[in-house]
Every structure is written in structure tokens, then in C-alpha cells.
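Step one of this worksheet: look at the structure below.
The values are calculated or read from the model by the stated rules, or taken from the named source; none is laboratory data. For clarity, every value in this text was computed on a predicted model and none was experimentally measured. Here the Cβ positions follow ideal geometry from the backbone for every residue, glycine too, while neighbour counts run over all protein chains shown. To get the accessible areas, we keep the full protein, side chains included, count just its heavy atoms, and leave off ligands, DNA and RNA. Shrake-Rupley method; radii C 1.70, N 1.55, O 1.52, S 1.80 Å.
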Amino acid sequence: MEETITKTRNIWSLRAIQMLGETRAAQVLRGAVPERMDEFHLVIPQVRVKIKHSTIVVEAERLPGTSLLEAIYQPQQRAWAIQVGALIYKALYLTPAIWLAGRCLGVIYQPIRRLKASRWSGRSQLVLSVEQSQRLHAALNRGTGKFARRLVHGDLHAGNILVDFDRRTISLVDLELAHLGSPAVDFSALWSSYYLADPQLGRSFYHSVGQLVPEVHAEAFLHAAHAELLVNTLLMIHKGQDGGNPLLVQRATELLHRLLEVRGVRSFFSGQEEPDAAG
């Protein structure tokens, strides 16, 4: 008997609207992403959506494997974990943009996500200098750059990637935010997963992705990723505070301060020092 994971939401909630797109997202991803990347087989779950009275029910196939996030924290698996993340990013980035207009509801979440971060930053208990606060609000109000639209998972942190190293399979889960959009969205979510475990892992992930997708070395892409990271980090601090996770709050707050002090985005991601533009 097929095992399933069931999620339910009230039909009038924003989350329910996002979940309505998950069946379509799974269909598109199964038909679009390559079946194999190097020695790994890529798997997308079967997803069904039902509406019962005032509730939306999403039933997703339970796939084998453990969270990539767990592998990141296992020293003996970190090299594999970086390779897997880079391969997933490449698979999405190189997938042809075949999504039909109006078929993806997840796209609406990105501006809402940015608005939530902007509003929450003013109510947070972060200790920021006046200059840092000004930089934060300026960055949140900036656009994230113009790119050719790519297939974007929308919430591509390492917890939404399952890996079975024995079977050599990689699976993507929680697809309701998938859409055509900026590739910086997925990059920043994955990069955060590595960097918060160990800053060097974040740099290693950046270099690994750069070998597979050279476009991530472009200055415009790095500035867009920096802006997305500010949003991600603010929301992680908020999540950590709401969930009673002081370690997440501490690490995300430290990252936020580093992001606000960045003078050269390339050196920040690569770990290689750049000459100071001011001399």
C-alpha cells in the first residue's frame, strides 16, 4: 500500500491557496526536470488535492530517504550533501521554462514574503544600529534584479530535499510554492542551509554550484541573492522566536549582521578577499 503524507488547511487561508498549486507543480516538475543528474535519480512525489467542505487536503506520496539537512550536519556526508544541493540547483536552473501562465499560484507568495519580512523587521527585537536599519530597509525595498525566468521550487531549504545515498536518489518535497521566477530565490534558501551549519560549507556550496551553473558568479545574480538572503534571514529569526529555537535565532541574527556589513558580495559568497572599492 502506498504511504502518503497528508496536509490540511482551511480553504480560506493563504496557505490553502498555495497548496492548490501543489498538484500542478508536481506534474510540471515530473515532466520537466531530468530523470538523472550524474549518478543520482531525481524523484518527484505523486500529489493529490481534495476539497472537503471548507478544508483543502493534500495527499503526497511518502518518498524514501532522509532530509539533506541531516546530512549537512554529518561530517562524513558533507561532501555528498554539497554535491546533492548543487545538482538539484542545476536541474531546476537548466529546466526549460514550460509552465503555462496562470497555472501556478505559488508565485503570489514571493511579494507577500518580502512584505512580511519588511513589516516584521520593524517590530523585531534585533539590535541594529541606525545605519544598519537604514541599509536593511533600503535592501528590502530594492528589486532583486531582472533575470530570465527559471523553474523555482520557492522553498528550497535543505529540509525539503530527501536523499537516499544507498539508492542514489534525490527527491523534492513541499512543492506548493513552485513557480517561474528569479533563480536567486532557490539559491539563497539552499545557501542558508549550508552557511548556518558552517560558513565554510556555504562557500563550498557556492563554488560547487558555480562549476555547474556559471551564471551564479555574475555580479547582478550575487546582489539578487544577497537581497533574498536578507528576507530569508529575517523570516528565520522570526520563525526561531515563534518556535522557541534560540540557536536558530542566534545564528540567523549573526548572519543578518554579516549581510548588513557586506562591502563586496562576491567576496562574501566566495570567501576570497576583494580590493576595497573605496581604496
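The apolar share of the surface of region 12-98, taken as the fraction of accessible area on carbon and sulfur atoms (1.4 Å probe, ligands and nucleic acids excluded), comes to 54 percent. Extension gain Asn141-Asp38, at 0.36 nm per residue separation less the Cα-Cα distance, in nm? Extending this stretch completely gives an extra 33.1 nm. Label-to-label distance for Glu131 and Glu215 is 3.6 nm, based on points extended 7 Å past Cα in the beta-carbon direction.
Build a GNM of the chain with springs between Cα atoms under 10 Å: which of Ala252, Ala79, Ala184 gets the top mean-square fluctuation? It is Ala79.
Amide H to amide H distances under 5 Å link Thr169 with His41, Asp164, where only residues 5 or more positions off or on other chains count and H is placed in the peptide plane.
Close amide H pairs (under 5 Å, H built 1.01 Å from N) link Thr4 with Arg62, residues at least 5 positions away or on another chain. Against the empirical curve 2.2 N^0.38 Å, the C-alpha radius of gyration of region 206-261 lands at a ratio of 1.34. Peptides 239-248, 66-75 ranked from most to least packed give 66-75, 239-248, packing being the mean of other C-beta atoms within 10 angstrom over each peptide's residues. Taken per residue, the accessible surface of the chain reaches 49 Å², heavy atoms only and a 1.4 Å probe. For the chain, the fraction of C-alpha pairs more than 27 angstrom apart is 40%.
Can you tally the net charge around His41? Count Lys and Arg as +1, Asp and Glu as -1, for every other residue whose Cβ sits under 13 Å from the Cβ of His41. Value of the local net charge: -1.
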